Every structure is written in structure tokens, then in C-alpha cells.
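Heads up: the structure comes next, in C-alpha cells.
The values are calculated or read from the model by the stated rules, or taken from the named source; none is laboratory data. Keep in mind the model is a prediction, meaning the values are calculated, not measured. Backbone-built Cβ (ideal geometry, glycine too); neighbour counts: all protein chains shown.
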Amino acid sequence: MTSLQGVERSALATVRRGLSLTPEFRNGLAGTFALAVLATVGKVIVPIAVQQTIDHGLRGPVPDVPFIRTVVVVCAAAVILTALCGYLMNVRLYRATEASLATLRVRGFRHVHDLSVLTQNSERRGALVSRVTGDVDQISAFMQWGGLMIIVAVGQLLVASVVMFFLSWQLALLVWACFLPLMIALPRFQRWLSAAYTRVRERTGDMLAAVSESVVGAAVIRAYGSESRTAERLDTAIDANKSAQARTQLIVATVFPLTEIVAAIALAAVVLLGVRLGVGGDISQGDLIAFLFLITLFVSPLQIATEVLNEAQNAIAGWRRVLGVLDTPPDVADPGADGVELPRGPITVSFEDVGFAYPGGAPVLHGVSAEIPPRSRIAVVGETGSGKTTFAKLLTRLMDPVSGRVTVDGYDLREVRFSSLRERIVMVPQDGFLFDGTLAENVRFGRPEATDAEIALAMTELGLADWVEGLPAGLDTPVGQRGESLSAGERQLVALARAYLADPDLLLLDEATSAVDPATEVRLARALEGVTRGRTAVSIAHRLSTAEAADEVLVFDRGRIVQRGPHAELVAEPGVYADLHASWVSAARS
Amino acid sequence: MASKVTSAVMRKGLRVLGVAIRAEKVVFAAAVLFSSVYGGMTVASAWAMGWAAENVVRPAFGAGDVTTGVIALGTALILGTAVLKALGVAGRRYFAGVMQYRMQARSRRGVTRQYLKLPLAWHHRHPTGQLLSNANADAEAAWAPLAPLPMAVGVIVMLVTAAVAMVITDPVLALVGFLIFPAIALLNLVYQRRLSPLATRAQQLRADVSEIAHESFDGALVVKTLGREDQETARFRAKASELRDANIAVGRVRGLFDPLLEALPTLGVLAVLLVGAVRLESGAITAGTLVQVAYLFTLLAFPIRALGWVLAELPRAVVGYERVEAVLSATGSMEYGDAALASGSPARLEVRELSYAYGDFRVLHDVSFEVEPGRTVALVGPTGSGKSTLVQTFVRLVDPVEGAVLVDGTDLREVARGGVSDAVSLVPQQTFLFDDTVRGNVTLGLPISDQEVWEALRLAQADGFVSALASGLDTMVGERGTTLSGGQRQRLALARALVRGPRLLVLDDATSSVDPQVEAKILSGLRDAAATSAASTVVVVAYRMATIALADEVVYLEHGRIVDRGTHDDLLVRCEGYRNLVTAYEREEAEREALESDEEINA
């Protein structure tokens, strides 16, 4: 599996599976729910108090003030009690949801790192970030507001209805008859709104993409004087976003007050019918007045219903996306504790009839067999697309072969514990990604326990001490976001130093010095060699100076190793290598 | 950090609101008008209820009958006030939204306009993430209080109307209101003051968590290859836990104040019943009045919170507004003169005593050289010697701190806007492609025929893979050109420069990801073009010999200073640094061979 698919689930199953991943939420949920019910009961205190006052306190010619006082005191106590329940429920709810969602966030984050490179690259980075940020926030917003509102709103409608039917079933039916069409129409309104919100999200996405392009591409825009064109694109995106927002607001503004009108119709109808019933002696005056208050309890649940439904939908969608990540099995999995722990020391790697194809694609490696003996220097060469990077990814177990196997000291790579494997075999990719921090912090990423002195020593051993000294703050120079304060070549120097400090038994360089000047490159190669006595070094490079220095050159062409042997031998025989070398020599030395 | 509702923040916040009101007078007036209708009608609907209770319900229950006319009037009052109120709500919501969105769009246009206008040096001083957030989150936060603002104005109308109505109805009952409603407002203020800093902190932590995830996932390959998943997860967990605690702190305050704010008006209604009963006993009011006032209390309880919402948004708005303003008022935008550069023939470049510094850190010292029209000069130097910075001054991406860059004798700072990019094209080291078609990425919106585009693609050795793409020139290259390989992207960037037939072409190690064979073809194409009328003056930053060999002259830099200049052959002879750099591979090979033969001898 290479993309995030997860499993198709119904909304209910999604919620159930989501909750099963976050047990913190379910602990004490029953207590929280009971408190929520008690808090909701507080809503009908006023109508009941009004009804009691009118029917019993004001029945006679003179108001029964002591009775009313008793009613008021009892009700006030009830109000304070239900408020306290509300407080306790809120605190419990926030604690449980935040604890469970923090767990979900961290699990998701870890899982993204556990996914294979192929799966990671099948998704846009921003989308993966959303899985542990925005999507989780959406779930939390729903749990703390929308979900609670559903409980409160349903509770409010239910309690109000029960009280209504108790007071007068005829009037209660009438109220329901008034509100029912609105309730039936609500899901339709919600669909309109949801479509409108989706449009806004898309337009906002477009706008952010346009803004980010204008910031990230600032140099190109200036160098080519395309400011006015960029400005036009920005304005279009910003205005489209604004229009989408305004259109959505129009729907919201139209739907929201409908409830008020329906409530007024219900009020008028209750007065009309109530008066008739009252004349017939079926209900009391207080019952009727209480109804007028009870109807107001219908307004807010229905007013917010579309928004709550919308949030519920978003939360479920967010949950599905998060589960999509968590349910995607890491296809290049760590055998964990059952795996083999390799002792440190010289390392032998074998490719045994290895084949590889990207999912759904044609094979890119065919029956590759090779032995990389300990303490050897191997160069891998070939044209773009010949399979050399695939070879590197299989060697470092960023991917698993489709057929055949790769072994290290006789063990299948798939059986070796990641913690052991990543210590023994380290790859330096072409793009030297740096973290926002100082140079020293980035180098230390290779070995967290390294001291400043060790880092300085490593830089000296690599012949980079002069370069470090020339930087504004030496090893403490901040490298900026993604290392952008350094040049491309300098970033590669740091990435190399980082891998060097990690001190693996096999170091794999994937065009790791492509942007570095030749003198520095040669110096680095020599330094790596010097200390790599005892260490295996595999280099992929299109600068063939590396191949000249190697013990053995593996020449790739269309997914096969077509030639192998030391440089001197290969360059003498006609073939792919001789051609590559000739064109390199003419470029590098003419 | 202005996260608390202090009086200074309030003053600033009101000024921000003032800016919006002045900018969108008509929309604001409409929103306030509708909101006032809403406010007035809310009070009127309570009055209609009271009227119906007094004149319809009580007579019906008391006398056993009412006239149809009174019933009709009562019904009409209830329905009429409700319809007007609904209309007010709809108009208020719509116009409040429109005002908010218009102001956001206005800020966004202004901010992004500044991004395009401010010099690259300014961009270098501000992280990308911050600039994105200025245009997005800050522009949004700045105008967030506009959404509840008209409602708050309507609520004030509502409260004044209610106060007047209550005083007229019964001053003693009104007194209950005068105690309860200020209490709600005060409680709300305390609430927002307590909540605001906590919410701001949670917001900040949310951004931090996102930042870590972004960085960590961007560096996923490094994390994986060095086996640092545990450390990264620990780093993320620490921030996520902080966010959890911050959210719980917010929840605690919300959880306390929300039920209190709901309980207070309910207690008010109960107080009305008690006081009302006493007043009823003394005959000062009727039962209808009692119902009316109680009903009014239930109606006012919720809207009165809108005042708090505006207050709650103010601190964030002030911060957002100040950040947006900081961008809008940023100076140091590039000044342009009105000189024009000639067109047609290759340009003459002169770099005169140029120095450049990032902050206090000087990276170029007193650099001087000139390139005669039609000539090709290679800039060579070790990694980090200042080459990329130097070539950026040729297209005025940055201006020198001292000295000048002159094209045809004209200081680039005196050239009119757009003049430099018409004459000079830079292909930077880092390729940047727009989320656009291949054609759009090459032309960048200039009216250039497809034939010319193909010609440029051919020269950049990009015609082959472009014609193999599904939709040819119309193929979308995707976000940041991710659908293409590094070498392909570099060739498109090269075609972008070539298609303009620049008079000065500047290549900053622009073919580093291209296979040597392909690069050789590109270079020979450029050499051929140099013989035609479409020739350019060329400055090229390079390490590869073949590229350097293309140059008539070499300028060798070390630590931001010119060490030597001359032909490749001359420099090889007399400049040691240069020799070491460009012959590194041969020397290495020679040394190794010597070493191997030594070993053989020793063996």
C-alpha cells in the first residue's frame, strides 16, 4: 500500500474506532453524561417557576407572596445546582477530550514517520501535517462544542416537550406541528451550507497557495519583473475567496433567522388555540404562559442545528482522515524487539537477485545481484533513471524489494531491528535538509549525545574547520528555516558532517556533494576515506571522480547492473561506463 | 504581548474598529441599521407577548371570552415583531460578514502588494512562515471583531430600549434589571479578561505544534535515515502536551463562566417573579406586565454576551492589525529611477567597488570587474565565497551596501521599474517553478509565441521531455514543480531566461542537477547562439570545467574578495587557489595513482 487509504467505514464505526484509539475519552464518560443531563434540566426551571407562580401564587385576588417566595428560593437553588453540574461537566469534558486528542496527535505523528518513504511521498506534506493538527482540532472542536450542543439541544427539546405534553398534549402537538417542517428541512439547509463552506475552504486554499508562491518565489518574481502578473493572480484569488465567503454568509444569514419566524408562528398558534382550550377549561392560564416560555427553548437548538450538523460532518471527515493515516500499515515495518540486533563492526551487504517496481508501475530493477564487502569503497554510476537511487533506497531499507532479498551480514534486512539498522547504515541524500536551529544542533542530530568538542573535532576531521570559522557565529550560526540561510553547497556540508558524526559502518552518499566545489568535494571524499578505513562507503555520483577512486564500480543501465569492476578496467573496455566517463571528462576537464 | 483586555488595548482596539468603519461606511451603516431593527424588535416582541398575555389570555381565562379583533391584533403583533426581528438578524449577519470579508481582502491585497514591492533583503529578514501568517491569520484576526460588532451595537440599542420600556412599565422591576444586566456585562468582562491570555497562548502553541510537524515531516527522510523517530516524537509530544494543558486551562475558564452567564439571567427572572408578586400585591402592576418583564429577561440574556465577544476579539485584533500595519508601513522598498536601458545588443556590465553584508556580516568586499558586450565571464570560487550574493546584485534582487552595478554605464538603481528585468535574466541556483503550465512557467505571462517557447526549450534541452508530457506546453507542473525531476526543472528555468533573449544572461550554477551529457549539449547550444545576432553577454557561476571553458575570462573569488582574474589558462598558471579548485579531480587522480604505485613498490 503506498497511499493513505484506510478502511471505508460508516460514521458510527468511524467514531467507535476513533474512540477505541483514545481510551482517555471513554473513562468517566458516563459520569460526564449524567452531569450534562442534570445541567440541561436547568433550562426548564424558568417556565415551571412562571407556571407555578401564575397558577398557584396569583390565583386568588391577592398574590400568595410566601408561596411565590418558596418557589423562587427552591428554583434559585436548582439553578445554582445545575450551574455547578454544568461546570463539573465542562471540566471533565475538556480534560478527557484534550487528553485523548493529544494521544491521537502523537500517535498520528509517530505513525507518519513509521510509514515508508513511498507512502510519505504519495501525500503532500501539508496534508500530512493537517492529519496531526487541523483534523484533530476539528474533532476537538466538535467534542467540546458541537457534540455537547447535540446533547444539550436534544436534551432541551426533550425536557421541554415532556413538560409541554404534561401541561397540555393538544398545545404540545401544535408546537411540534409548527416546528416539524423546519426540522425536516434542516438537513437540506445543512447540505447547502456544507457545500458553501467547502467552496470557501477551496478558495482559501487557492489564496494561500497564491500568497505562498509570491513569498517563496520572491527572487524569481523580481528577477523576471513579473510583479504585476503576480499581483493580478493574487487579487483574483483574494477576491474569489471574499466572494465565496460572502455567498456563504448570505445562506447563513437567510437560514438562521427562519427559526425566529417559526417560533413566532408557534407562539401565535399557541395563543389562539390556548385561549380556546382555556375557555373550555382544559388548561390553566399559567399552563398557557408557561408554554410561551417553553417555546423559546425550541429556538436556540434549531438555530444552531445546521452549524452543529456541519461541525459533526467535519469532525467525522477529520476523524476518517486521521484514521486513514493510522490504519495505513507501515509497509516497510520495523521488526521491533523480535528483530536481529547487529553487533558493531565491518559490514557485508548482499543483493540477491533483487527486483523492484513502484506500485502500479513497470519494474525499475531487474535481478540485481551484488556483494558489498566490508571496508570497501563502491561507486554506483549510471544515467538519470537507470535505477541507482532505487538501489540506494533498497540498501538502506527505505523500501523493500519486490523480489529477491537484501542481506546484511547474512540477515535479511527485513529481520533487522530499525534501531540497529539505522545505526549501522546511514544515507546522506542529495537535498541536505536542515532543521531550524544552529549549525551545531543540526550536526548533533546525527548523534544526540555528542559534545561541542566532538562536533568541532568532526568538522576539523572533515576539513571544514576553515569554513566554520568564516561563518558569522561559527558552530552557533543559525541555519534558518530548512537551512535557507546557507547556500545549497553549505547545506550539503552540514548534512555530511551530521552523517559523519553518526559514525555508521556503512555510509551511503546519494549525490551528497553535488553542489559543493570540486576542491572541497575532493577534500571531503579523502577525509571520509581516511576515517572510513574499516567503514564501507557507497557513493552515487554523476561526478565520476568518485568512481575513479572506488574499489569497485557498479554501472547501472535501465535497471540492471551492466558492468562492474575497478575504474581502470571498466574505462578500458567499450561500454556504458566508458561513454559516461568520456562525457564527464570532457565536461570536467576540457 | 497585548493579550489582556487592558484599557490601552481597548483604546487601540477601538481605533482599529474606527479604521474599518471609516473604510466601509455604507456597509457598516446598513449592518447597524438592521441590527438596531433587531434590537428594537427583540424588546418589542417581549412587549407583544405581554400585551397578548394581558389583553388576550387573561380576559379569556377571566371572562371566558375575548373579541376576535383583539385576538387578531395580538397574533399580528407577535408575528409582525418576529418577522421584523428576523429581517434585522438576516441583514445584520449578512452585512457584518460582508464588512469583515471586505476588510480582510483589503488587508490581504495591501500586504501581498507590499511583498511584491519590498526588496529581497527585507524578505531575507522575515521567515516565510511569518509572511504567510501576516497575509492569512493576522489579516483575519485584525478584522474578527467586525463580525459581532453590529450585533453589539444592536444590543446597546436593545438595552436602552429595554431600560426605557422597563422604567415606563415599572421602575421597581426595572431596578432588578439594572442590577442583573450590568452584573452579566461585568461577569462577561471578567470572563474575557481571564480567557484572552489563555486563548492566545493556546493559539500560539497550536502554531508551534504545527511548525514542528511541518519541519519534522519535511525532514522525514533525514529522520528516517538517521533513525531519529523517537527523538522527533518526543519533541512533538512535549509540545502537544503543552497544547493539551493550555486547552484544558481554557476549558476550565470556559467551563466556569459559561454556566454562570446562563444562571445569572435565570436568577434575574426568578427575582422578577418575587419582586413582581410584591408589586402585584400592592396593585402597582398587572400580571401581563410581570410576564412581559420576565420574558424580556429571557430574551436579553443571550444577546448581551455579544458585547463580550467584541471585547474578547479586541486583543487578538490589535496584535493582528499591528502585524499587518508593520508590513504595510515597512520602508526600504526599492527606489527606481527613470533611466532606460538600450535594447537589442549585448550589454556591458561593470561592477564597481561593490560590498555587501547580511546585517553586520560582510560577505563581499570591494569587488570590481567589468564584462564587455558579448563576452562570457565565469565566476569561480569555493562553496560559500559569495558568488550567489554577487550575481543577485546584477538583477537588483539586492542593492550593494557600497559601490554600484552598472549596465551600459547606467547604475541599476537609476533604471526605471521593470527596466532591469527586461535586459538582464538570472537563472538562480534554486529552481522555482510556479503552479502553472509549462508555457506559463516559461513565458511568465509575457506575450510570447509557442514557436519562441519551443525554441527556448530546445536550447535548454527541455524540448524532448516537454513534448513527451501528456499535454505538452499545457501540462501543469504541480506544486513547486514536484512532478518533474531536478534536472528537468532546471532546464525549464533556463528556458524561462533564454526565451526573453536577455542582453545579459546570468547563470548561477544553473545546471548542477543536469546530467553531464545533457549539460554539454546545452553549453554547445549557447555557444552556437553566441555566434548569432541573438547573442548575450553571459556571466556564469560554475565548477565544471566545460562551463568554465566556455568563458572568455574567469573571475576568481575567495571569502568575498576577487583574488585574481584573467583567462583560464593564465589563472591556472599564476593563481594557486584557482588551480587547486578546478584541478581538484585531476590532482586527486594523480595523487592516487602515485600512492598506488608507491604501494606497489612497497609491496
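When you go through A:I295, A:I261, A:I283 one by one, which is the residue that is of a type outside the set (G, A, S), assigned by TED's automatic domain parsing to the domain that holds A:L58 and more than 22 Å from A:A49 (Cα to Cα)?
Only one candidate passes the filter, namely A:I261.
Give A:V275, A:V279, A:V271 a once-over and let me know the one that is surrounded by fewer than 19 Cβ atoms within 10 Å (Cβ to Cβ) and either within 24 Å of B:A76 (Cβ to Cβ) or in contact with an Asp or Glu (Cβ under 6 Å, 6 or more places away or on another chain) (or both).
A:V279
Inside the stretch A:202-220, can you point out the residues that are assigned to a helix (DSSP H, G or I), of a type outside the set (D, E) and either facing chain B (nearest Cβ under 7 Å) or on the phi > 0 side of the Ramachandran plot (or both)?
A:L208, A:A209, A:V211, A:S212, A:S214, A:V215, A:V216, A:A218, A:A219, A:V220
Suppose we keep only residues that are more than 7 Å from chain B (Cβ to nearest Cβ) and in contact with a helix residue (DSSP H, G or I) (Cβ under 6 Å, 6 or more places away or on another chain) within the stretch A:74-91. Which one would you say is farthest from A:G28 (Cα to Cα)?
A:A78
Tally time: how many residues in the stretch B:402-419 are at positive phi, touching a residue at least 24 places away in the same chain (Cβ under 8 Å) and exposed (fewer than 15 other Cβ atoms within 10 Å of the Cβ)? Explain how you work it out, then say what you get.
At the first step, the residues of the stretch B:402-419 found to be at positive phi are B:403, B:408-409, B:418.
If we keep only those that are touching a residue at least 24 places away in the same chain (Cβ under 8 Å) as well, we get B:403, B:408-409.
Remaining after also requiring exposed (fewer than 15 other Cβ atoms within 10 Å of the Cβ): B:409.
Result for the stretch B:402-419: 1.
Among the numbered criteria (1) surrounded by fewer than 14 Cβ atoms within 10 Å (Cβ to Cβ); (2) under 30 Å from B:F297 (Cα atoms), which single criterion is violated by A:A30?
Every condition holds for A:A30 apart from (2).
Quickly run through the stretch B:26-56 and pick out the residues that are facing another protein chain (nearest Cβ under 7 Å) and in contact (Cβ under 8 Å) with a residue 24 or more places away in the chain.
B:M49, B:A52, B:A53
Please state which of the following conditions A:E423 fails to meet, knowing it meets all the rest: (1) assigned to a helix (DSSP H, G or I); (2) more than 8 Å from chain B (Cβ to nearest Cβ); (3) touching a residue at least 60 places away in the same chain (Cβ under 8 Å).
The number of the failed condition is (2).
Only one residue in A:V262, A:V325 is in a helix (DSSP H, G or I), modelled with pLDDT of 90 or more and buried (at least 22 other Cβ atoms within 10 Å of the Cβ), so which one is that?
Of A:V262, A:V325, the one residue that is in a helix (DSSP H, G or I), modelled with pLDDT of 90 or more and buried (at least 22 other Cβ atoms within 10 Å of the Cβ) is A:V262.
Does any residue in the stretch B:543-571 that is away from chain A (no Cβ under 12 Å) come within less than 8 Å, Cβ to Cβ, of a residue that is part of a loop (DSSP other than H, G, I, E, B) and of a type in the set (D, E, K, R) six or more places away or on a different chain, and which pairs are these?
Cβ pairs passing all conditions: B:D552/B:R375; B:E553/B:R375; B:T567/B:D552.
If B:F302 satisfies every condition in (1) within 12 Å of chain A (Cβ to nearest Cβ); (2) more than 30 Å from B:V9 (Cβ to Cβ); (3) not polar (S, T, N, Q) but one, which is the exception?
Exception for B:F302: condition (2).
Can you tell me which of A:R95, A:R105, A:R110, A:R69 is in a helix (DSSP H, G or I), over 30 Å from B:S241 (Cβ atoms) and at the interface with chain B (Cβ under 7 Å from one of its Cβ atoms)?
Among A:R95, A:R105, A:R110, A:R69, only A:R69 is in a helix (DSSP H, G or I), over 30 Å from B:S241 (Cβ atoms) and at the interface with chain B (Cβ under 7 Å from one of its Cβ atoms).
Looking at (1) within 30 Å of A:V117 (Cβ to Cβ); (2) assigned to a helix (DSSP H, G or I), find the lone condition where A:R9 falls short.
The number of the failed condition is (2).
Does A:F33 fit the bill of being of a type in the set (F, W, Y), under 23 Å from A:L292 (Cα atoms), assigned by TED's automatic domain parsing to the domain that holds A:G155 and assigned to a helix (DSSP H, G or I)?
Taking the combined requirement at face value, the residue does not satisfy it.
If A:I151 satisfies all but one of (1) at pLDDT below 85; (2) assigned to a helix (DSSP H, G or I); (3) at the interface with another protein chain (Cβ under 10 Å from one of its Cβ atoms), what's the number of the condition it fails?
Of the numbered conditions (1) at pLDDT below 85; (2) assigned to a helix (DSSP H, G or I); (3) at the interface with another protein chain (Cβ under 10 Å from one of its Cβ atoms), the odd one out for A:I151 is (3).
Which of the residues that make up the stretch A:477-503 are more than 8 Å from every other protein chain (Cβ to nearest Cβ) and under 17 Å from A:T460 (Cβ atoms)?
Listed by number, the residues that qualify are A:T477, A:V494, A:L496, A:A497, A:Y500, A:L501, A:D503.
Would a scan of the stretch A:131-140 turn up a residue that is under 10 Å from the mean Cα position of the chain (by Cα) and either polar (S, T, N, Q) or within 26 Å of B:L256 (Cβ to Cβ) (or both)?
yes
Every residue, every condition in (1) at pLDDT below 80; (2) among the basic types (K, R); (3) crowded, with 23+ Cβ neighbours inside 10 Å, yes or no:
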| residue | (1), (2), (3) |
| --- | --- |
| B:Q490 | no, no, yes |
| B:R500 | no, yes, yes |
| B:D515 | yes, no, no |
| B:K521 | no, yes, no |
| B:E558 | no, no, no |
| B:E576 | no, no, no |
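Within the stretch B:143-168, track down each residue that is surrounded by fewer than 20 Cβ atoms within 10 Å (Cβ to Cβ) and of a type in the set (V, I, T).
B:I156, B:V157, B:V160, B:T161, B:V164, B:V167, B:I168 - these are the residues of the stretch B:143-168 that are surrounded by fewer than 20 Cβ atoms within 10 Å (Cβ to Cβ) and of a type in the set (V, I, T).
For every residue, the table says whether it meets (1) within 10 Å of another protein chain (Cβ to nearest Cβ); (2) among the small types (G, A, S); (3) without any contact (Cβ under 8 Å) to a residue 40 or more places away in the chain; (4) outside any helix (DSSP H, G or I).
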position: B:G255; (1), (2), (3), (4): yes, yes, yes, no
position: B:L261; (1), (2), (3), (4): yes, no, no, no
position: B:P265; (1), (2), (3), (4): yes, no, no, no
position: B:A271; (1), (2), (3), (4): yes, yes, no, no
position: B:V293; (1), (2), (3), (4): no, no, no, no
position: B:W309; (1), (2), (3), (4): no, no, no, no
position: B:G320; (1), (2), (3), (4): no, yes, no, no
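Is the stretch B:152-162 home to any residue that is within 14 Å of another protein chain (Cβ to nearest Cβ), in contact with a helix residue (DSSP H, G or I) (Cβ under 8 Å, 6 or more places away or on another chain) and not acidic (D, E)?
yes
Could you check, for the stretch A:145-161, whether at least one of its residues is without any contact (Cβ under 8 Å) to a residue 40 or more places away in the chain, closer than 29 Å to A:T306 by Cβ and over 35 Å from the mean Cα position of the chain (by Cα)?
At the first step, the residues of the stretch A:145-161 found to be without any contact (Cβ under 8 Å) to a residue 40 or more places away in the chain are A:158, A:161.
Within this subset, residues satisfying the condition of being closer than 29 Å to A:T306 by Cβ are A:158, A:161.
Right, trim to over 35 Å from the mean Cα position of the chain (by Cα) and you get A:158, A:161.
Yes: the stretch A:145-161 contains one or more residues that are without any contact (Cβ under 8 Å) to a residue 40 or more places away in the chain, closer than 29 Å to A:T306 by Cβ and over 35 Å from the mean Cα position of the chain (by Cα).
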